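Engineer: Attaching a single structure in structure tokens format; questions to follow.
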Amino acid sequence: MISLRLNRKTSKFTFGLFLSLVLLCAAVFSQKIPSPEEVLGFRPTTSRTIADWSQIVSYFKKLDAASNRIIVKEIGKTTLDKPFIVAFISDEENLQQLEKYRQISEKLANPQLINEAQANKLIEEGKVVVAISCSIHSTEIVASQMSMNLAYELVSTADEETKEILRNVILILIPSANPDGIDIVADWYRKTLNTKSEGTNPPELYHYYAGHDNNRDWFMMNLQETRLVTKLFWQEWFPQIVYDIHQMGQNGVRFVVPPFYDPANPRISPSILREVGLIGYKIAADLQAKGFAGVATNTIFDTWWHGGFRSTPYYHNSIGILSEAASANLMTPVNITKEQLKASRPVRGLVSPLETATNHPQAWQGGVWRPEDIAAMETIASKSVLEMASKFRKRYLRLFYENNLKNLTHNEFDPIAFVITAGQPNTQSISRFIEILMWQGIEIFEMTEEGYFSTDEKKRDDFHEFPLGSFLIFTNQPQKPNILALLERQSYPNRVNERGEAEPPYDVAGWTLPLQMGIECQAVWAIRELDKFRKTLRRIENINQARATLNLPPVKEPFSKLPNPLKTSPRIGIYKSFVPSMDEGWTRFVFDTFQIPFSSVSNKQIKKGDLEFDVIILPSDSKQEILDGLSKTRYPEEFAGGIGEEGVENLKRFVEKGGKLICFDESCELVIEVFQLPLKNVLKGLKRNEFYNPGSVVKIEVNRSSSLAKGIPEELPAYFINSSAYEILEESRVKVAARYAYKDALLSGWMLGEKFLNGKVALAEADYGQGKIILFAFRPQHRGQTFATFPLIFNALEKNQ
């Protein structure tokens, strides 16, 4: 040990040296935090550059190693076995106590476990949990690139504003909710750079099964990525604010944020809708202050539908924010002329992107639109959300707690519970239904004794016995809005314009889960001797407990594959072109889920007549998509074109020689035409003031004498989404397997002009040569949700049916 005795002069010198060393160390420390440009060799979001998923993951891991403001965690694997990462960003002290703050958020989400004094203490101590998710739709690529810049800025900036955010907020940053798609898009973009295909979308789905529909799965839990994020959000962290970053078409306004357009779902808390609007206006104001034009509110998107990344949080009493930026051509800039903007179609809430209005105070006049512009707006919006969360920390925590708390109190206007009656034959569907609800945090009980319930809202003293082994879901849970929105029937407002034309909703109008899955799940309005009855209930702790009650074998992992229902082993081909088809992807998903072997059938195979199958399925693709495929002017030869006339003739020969052709919804048009089947789609050509059904559950009546009806009830819920309805022109050539109900066909959602649908053919079969054609006028596997109509597909697949 060296001892130094210093006089005032040397002391002064030494102090100066010490200070210099401190500053030098600080500088060195700050330099250890690598910027994205230093790691990647380019600044992410720069035009005509792109980072793939491995680069994004690598960069976030480097940030984690260099900074005490970020912790990167892998929460699981994607559908294609890539690491799914999230980044927790906050100040060092918060990250050292991450589990403490997670528990605070969890307790505020479950107020039945704490008293008011404890809640007040937790609100004083807690941090607002904000989740920001990027590029779930992978062709909306910019946000995934922007996420690296945003993370770097938050962990490296030392200004007071950033420090305040990091003190008060725990950010869960998801660089992409679809990592597989990031690689699909990045690989395609790099491959086509400087070619005629630069900026085009990949010739495949950017999610292995779902494509764009990966953001339609947030109550169904079909996809691995959905389940990972749902577990993170609604089993573990319970974020108070969720911000989902998207892009949209090129020729409209530049940026859309809340408040949203009407209608609002009545199951969403009014206070949530107000806070959504407040944050949206903050984003819009901040963008305006930075000089950005073309920012719109109260347009296009609504809050009716349940099932999206930003809409699902509403039903968990959290604030969901969506932004939609106008797109470039992936990472390639585009030039948008004023003429293109003028030609843009009117949208809900805005006649033209050149219109100045209260919800769009400064129109963008056109010009070059770059990924850098998109990223700048998304970054400002992200900071706006974080600033609001920080400034009003206690307000958001209290709002979250109080909305959860009020749901514990029953009111006379809502059912007290829902009952899944024992003895239903579709036990696998019931098991999956229960698993779906439990994964979202909904509490379910098994009845160990008989119960006496009233299922009549108007006769609440009219009790009927329900057997033991039934399952009960009380509504007075923190997630009451979620329970009601999933289990009750939707009645979409009759929104028509002055010409009587239906106003299209954002996505669908109805989605009632028990109906889609073919499960009897009744609303309960009163329970005899409720307090005594509660003591007989057993809480379901895991899915194997429910499966035991249903006499099903245990499973080793969540959402396990289901048993193959086929009794025969047909050779099955599913048509898959280079036009990305979500319906094709969902068809594969259903077959994989039920472990039904199949092969994909390409355009090339059909054109060659290489059709060694018993059954070929045409998913719901249009006539043009099947015949013509992708454009030769934009895509390489290997991806361009469809089956053409040659392929049509080969399909005809396939059926003539004994093959079976199954068509879903839109593909029926081509088959009816080329096989000259005596069927007419009576809905084709009708205007929106005559008939409209944008996505609803409808009732079909099954012909029990049909071979397709084996094991099927006489009435069945089916999903109709701008689908078809047929009239038979020659009854001797076509057999009817099912019709849309002759009356009261709408079960959940919205339908204008039902009379055009009533009694029309929903499922038909026709002999052709030695083979058979089966035509579904609807999509029996819609988004992998319609378990009720899956058996119709399975019956159609069987040999000798």
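The values are calculated or read from the model by the stated rules, or taken from the named source; none is laboratory data. From a predicted model like this one, the values you see are computed outputs, not experimental measurements. So basically every Cβ, Gly included, is an ideal-geometry build from the backbone, and we count neighbours across all protein chains shown. The accessibility values were calculated without ligands, DNA or RNA, using every heavy atom of the protein model including side chains. Shrake-Rupley method; radii C 1.70, N 1.55, O 1.52, S 1.80 Å.
Engineer: Within the range 28-44, does at least one residue satisfy the condition of being over 30 Å from Y189 (Cα atoms) and open to solvent by less than 60 Å² (accessible area, probe 1.4 Å)?
Structural biologist: Among the residues of the range 28-44, not one is over 30 Å from Y189 (Cα atoms) and open to solvent by less than 60 Å² (accessible area, probe 1.4 Å), which makes the answer no.
Engineer: Follow-up. Which residue pairs have Cβ atoms closer than 7 Å, lie 6 or more positions apart in sequence or on different chains, and pair a first residue in the range 408-434 that is on the phi > 0 side of the Ramachandran plot with a second residue that is surrounded by fewer than 21 Cβ atoms within 10 Å (Cβ to Cβ)?
Structural biologist: Correct list of pairs: G423/P467.
Engineer: Taking the conditions exactly as written (within 23 Å of D183 (Cβ to Cβ), hydroxyl-bearing (S, T, Y) and either surrounded by fewer than 18 Cβ atoms within 10 Å (Cβ to Cβ) or in contact (Cβ under 8 Å) with a residue 12 or more places away in the chain (or both)), does S156 satisfy them or not?
Structural biologist: Details: within 23 Å of D183 (Cβ to Cβ): no; hydroxyl-bearing (S, T, Y): yes; either surrounded by fewer than 18 Cβ atoms within 10 Å (Cβ to Cβ) or in contact (Cβ under 8 Å) with a residue 12 or more places away in the chain (or both): yes.
Answer is no for this residue.
Engineer: Considering only the range 89-102, state which residues are not in a strand (DSSP E or B) and not small (G, A, S).
Structural biologist: D91, E92, E93, N94, L95, Q96, Q97, L98, E99, K100, Y101, R102
Engineer: Looking only at the range 392-435, count every residue that is under 13 Å from L550 (Cβ atoms) and touching a Pro at 6+ places or on another chain (Cβ under 6 Å) and tell me the total.
Structural biologist: 1
Engineer: Within the range 313-356, which residues are without any contact (Cβ under 8 Å) to a residue 60 or more places away in the chain and touching a strand residue (DSSP E or B) at 6+ places or on another chain (Cβ under 7 Å)?
Structural biologist: Quick first cut of the range 313-356, residues without any contact (Cβ under 8 Å) to a residue 60 or more places away in the chain only: 335, 337-339, 342, 345-346, 351-352, 354-356.
Matches in the range 313-356: N335 only.
Engineer: What single numbered condition from (1) in a loop (DSSP other than H, G, I, E, B); (2) under 26 Å from A285 (Cα atoms) fails to hold for P415?
Structural biologist: Exception for P415: condition (2).
Engineer: Looking at E106, E160, which one is out of contact with any Leu (no Cβ under 6 Å at 6 or more places or on another chain) and over 20 Å from R310 (Cα atoms)?
Structural biologist: E160
Engineer: Exactly one condition in (1) modelled with pLDDT of 95 or more; (2) assigned to a loop (DSSP other than H, G, I, E, B); (3) more than 17 Å from the chain's Cα centre (by Cα) is false for T162; which is it?
Structural biologist: (2)
Engineer: Return a yes/no flag: does the range 537-544 have any residue that is out of contact with any Leu (no Cβ under 6 Å at 6 or more places or on another chain), farther than 30 Å from L752 by Cα, assigned to a helix (DSSP H, G or I) and open to solvent by less than 40 Å² (accessible area, probe 1.4 Å).
Structural biologist: Scanning the range 537-544, I find at least one residue that is out of contact with any Leu (no Cβ under 6 Å at 6 or more places or on another chain), farther than 30 Å from L752 by Cα, assigned to a helix (DSSP H, G or I) and open to solvent by less than 40 Å² (accessible area, probe 1.4 Å), so the answer is yes.
Engineer: Taking V130, is it touching a residue at least 40 places away in the same chain (Cβ under 8 Å) and β-branched (V, I, T)? Please lay out each step first, then the result.
Structural biologist: Working: touching a residue at least 40 places away in the same chain (Cβ under 8 Å): yes; β-branched (V, I, T): yes.
Taking the combined requirement at face value, the residue satisfies it.
Engineer: Just give me the residues in the range 102-116 being touching a residue at least 60 places away in the same chain (Cβ under 8 Å), polar (S, T, N, Q) and farther than 14 Å from P239 by Cβ, in sequence order.
Structural biologist: Matches in the range 102-116: N110, Q112.
Engineer: Could you please give the count of residues in the range 364-422 that are under 21 Å from M331 (Cα atoms) and among the hydrophobic types (A, V, I, L, M, F, W, C)?
Structural biologist: Kept after step one, since they are under 21 Å from M331 (Cα atoms), are these residues of the range 364-422: 364, 366-382.
From what's left, among the hydrophobic types (A, V, I, L, M, F, W, C): 364, 368-369, 374-377, 380-381.
The qualifying residues number 9.
Engineer: What's the total number of residues in the range 331-389 that are among the hydroxyl-bearing types (S, T, Y), touching a Leu at 6+ places or on another chain (Cβ under 8 Å) and surrounded by fewer than 20 Cβ atoms within 10 Å (Cβ to Cβ)?
Structural biologist: 2
Engineer: Only one of these is at pLDDT 95 or above, of a type outside the set (S, T, Y) and at positive phi: N551, N542. Name it.
Structural biologist: Numbers: N542 fails: at positive phi.
Result: N551 is the single residue among N551, N542 that is at pLDDT 95 or above, of a type outside the set (S, T, Y) and at positive phi.
Engineer: Continuing with this model, one more query. Evaluate the following for N403: is it open to solvent by less than 10 Å² (accessible area, probe 1.4 Å) and touching a Ser or Thr at 6+ places or on another chain (Cβ under 6 Å)?
Structural biologist: Values: open to solvent by less than 10 Å² (accessible area, probe 1.4 Å): yes; touching a Ser or Thr at 6+ places or on another chain (Cβ under 6 Å): yes.
So N403 passes the test.
Engineer: Taking only the range 249-302 into account, find how many residues are small (G, A, S) and in a loop (DSSP other than H, G, I, E, B).
Structural biologist: Total satisfying the criteria: 6.
Engineer: Looking at V86, V72, can you tell me which residue is at negative phi, part of a strand (DSSP E or B), open to solvent by less than 10 Å² (accessible area, probe 1.4 Å) and in contact with a Lys or Arg (Cβ under 7 Å, 6 or more places away or on another chain)?
Structural biologist: V86 is the lone residue from the list that is at negative phi, part of a strand (DSSP E or B), open to solvent by less than 10 Å² (accessible area, probe 1.4 Å) and in contact with a Lys or Arg (Cβ under 7 Å, 6 or more places away or on another chain).
Engineer: Is it true that I319 is modelled with pLDDT of 95 or more, aliphatic (A, V, I, L, M) and more than 20 Å from G199 (Cα to Cα)?
Structural biologist: Considered against the rule, which asks whether it is modelled with pLDDT of 95 or more, aliphatic (A, V, I, L, M) and more than 20 Å from G199 (Cα to Cα), I319 comes out as yes.
Engineer: Taking the criterion of being open to solvent by 30 Å² or more (accessible area, probe 1.4 Å), more than 26 Å from P619 (Cβ to Cβ) and not charged (D, E, K, R), would at least one residue in the range 204-213 satisfy it?
Structural biologist: Within the range 204-213, none of the residues are open to solvent by 30 Å² or more (accessible area, probe 1.4 Å), more than 26 Å from P619 (Cβ to Cβ) and not charged (D, E, K, R).
Engineer: Taking the range 557-575 on its own, how many of its residues are more than 26 Å from L205 (Cα to Cα) and aliphatic (A, V, I, L, M)?
Structural biologist: Taking the range 557-575 first, the residues more than 26 Å from L205 (Cα to Cα) are 557, 563, 565-570.
Now restrict to residues that are aliphatic (A, V, I, L, M): 566.
Number of matching residues: 1.
Engineer: Now a separate question. Restricting to the range 751-779, name every residue that is small (G, A, S) and farther than 14 Å from R733 by Cα.
Structural biologist: Across the range 751-779, the qualifying residues are G753, G759, A762, A777.
Engineer: Can you tell which of F559, F589 is closer than 30 Å to I416 by Cβ, open to solvent by less than 60 Å² (accessible area, probe 1.4 Å) and modelled with pLDDT of 95 or more?
Structural biologist: Result: F559 is the single residue among F559, F589 that is closer than 30 Å to I416 by Cβ, open to solvent by less than 60 Å² (accessible area, probe 1.4 Å) and modelled with pLDDT of 95 or more.
Engineer: Follow-up. I'd like the full set of residues that are under 19 Å from the mean Cα position of the chain (by Cα) and under 18 Å from D507 (Cβ atoms), limited to the range 257-266.
Structural biologist: Matches in the range 257-266: P258, F260, A264, N265.
Engineer: Something else now. Do we find that G753 is in contact with a Phe, Trp or Tyr (Cβ under 7 Å, 6 or more places away or on another chain), at pLDDT 95 or above and either closer than 30 Å to K657 by Cβ or surrounded by fewer than 19 Cβ atoms within 10 Å (Cβ to Cβ) (or both) in this structure?
Structural biologist: On the way: in contact with a Phe, Trp or Tyr (Cβ under 7 Å, 6 or more places away or on another chain): yes; at pLDDT 95 or above: yes; either closer than 30 Å to K657 by Cβ or surrounded by fewer than 19 Cβ atoms within 10 Å (Cβ to Cβ) (or both): yes.
The answer is yes for G753.
Engineer: Follow-up question, since we're still on this one. Can you pull out every residue in the range 111-130 that is assigned to a helix (DSSP H, G or I) and not charged (D, E, K, R)?
Structural biologist: If the condition is that a residue be assigned to a helix (DSSP H, G or I) and not charged (D, E, K, R), then P111, Q112, L113, A117, Q118, A119, N120, L122, I123 are the ones that fit.
Engineer: Here's a follow-up. So which of S105, S133, S138 ends up being in contact with a Phe, Trp or Tyr (Cβ under 7 Å, 6 or more places away or on another chain), assigned to a loop (DSSP other than H, G, I, E, B) and either polar (S, T, N, Q) or under 23 Å from F42 (Cα atoms) (or both)?
Structural biologist: Working: S105 fails: assigned to a loop (DSSP other than H, G, I, E, B); S133 fails: assigned to a loop (DSSP other than H, G, I, E, B).
Unique residue meeting the criteria: S138.
Engineer: Sort out which residues of the range 390-400 are surrounded by fewer than 24 Cβ atoms within 10 Å (Cβ to Cβ) and either touching a Phe, Trp or Tyr at 6+ places or on another chain (Cβ under 8 Å) or of a type in the set (S, T, Y) (or both), and write them in order of number.
Structural biologist: Hit for the range 390-400 is S390, nothing else.
Engineer: Six or more apart or on different chains, Cβ under 7 Å: which pairs go from a residue in the range 436-460 that's within 16 Å of Q545 (Cα to Cα) and modelled with pLDDT of 95 or more to one that's open to solvent by 40 Å² or more (accessible area, probe 1.4 Å) and in a strand (DSSP E or B)? Could you list them?
Structural biologist: Listed pairs, sorted by first residue: E443/R539; F445/R538; F445/R539; E446/R538; T448/R538.
Engineer: Also, I was wondering about something else. What are the pairs with Cβ atoms under 6 angstrom where one residue, in the range 466-480, is in contact (Cβ under 8 Å) with a residue 40 or more places away in the chain and the other, located anywhere, is of a type in the set (F, W, Y) and open to solvent by 20 Å² or more (accessible area, probe 1.4 Å)? Sequence gap at least six, or different chains.
Structural biologist: L472/F445
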